[in-house]
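Please treat every number below as a calculation from the coordinates, not as lab data. No experiment lies behind these values; they were computed from the predicted model shown. Here Cβ is always computed from backbone atoms with ideal geometry, including for glycine, and neighbour counts include all displayed protein chains.
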Amino acid sequence: MVISPESTLVLIRGLPGDGKTSLAKRLFPDFEHYAADDFYDALGKFDPSLIGEAHGDCQRNCYAALKRGASVVVHNTFTEHWEMKPYLRMVDELMWSGLVLRVIRVDSGLTDEALASR
């Protein structure tokens, strides 16, 4: 395991359409980026029955990157605290290495209709 003292895990949370992915790309261009949406992008369609697999894939990719010493940003909705728990467990496991955790909450202030149109 090669964790660098500068390794950071950033969790960006917010509603669908709030701009999490855009913010992640703008603020953390040199980090590895993961989201549950990546699973569906690779699949070529959204299938709600695969949501557990999508999140599991995201978590495995994140963990592998952190163990390699990469800094990682995960941009998922994280609407409930329990959705962050797998990532918080990663931090607990790797905290001896100096891994830093940052959580950013995005609130675009857009109306429900504007978010739905995105």
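Against the chain, whose longest principal axis comes from its Cα atoms, helix 51-67 is set at around 30 degrees.
Of Leu11, Leu50, Leu99, the residue with the greatest mean-square motion in the GNM of the chain, using alpha carbon springs below 10 Å, is Leu50. So for the chain, averaging the separation of alpha carbon pairs under 8 Å that are six or more residues apart and normalising by length, what relative contact order in percent results? Over the chain, the number comes to 51 percent. Taking the centroid of alpha carbons for each part, the stretch 73-110 and the stretch 1-57 are 11 Å apart. Each Lys and Arg Cβ is given +1 and each Asp and Glu Cβ -1; about its Cα centre, the chain then shows a dipole of about 300 debye. The alpha carbons of the chain give a radius of gyration and a Dmax of 14.4, 46 Å, in that order. For Leu11, the residues 5 or more places off, or on other chains, whose built amide H falls under 5 Å of its own are Val74, Arg102, Val103, Ile104. Let me know the longest stretch in the chain that avoids all GluC sites (Glu not before Pro) found in a DSSP loop with at most 12 other C-beta atoms within 10 Å. Longest site-free region, per DSSP loop and neighbour criteria: 7-79. Here the 3J(HN,Hα) profile of the stretch 24-40, calculated from phi with Karplus coefficients 6.51, -1.76 and 1.60 at θ = phi - 60°, is 4, 5, 6, 7, 10, x, 9, 7, 7, 10, 9, 7, 4, 4, 4, 4, 6 Hz, Gly and Pro shown as x.
What you get for the stretch 54-97, charging only the Cβ of Lys and Arg (+1) and of Asp and Glu (-1), is a dipole of about 200 debye around the Cα centre.
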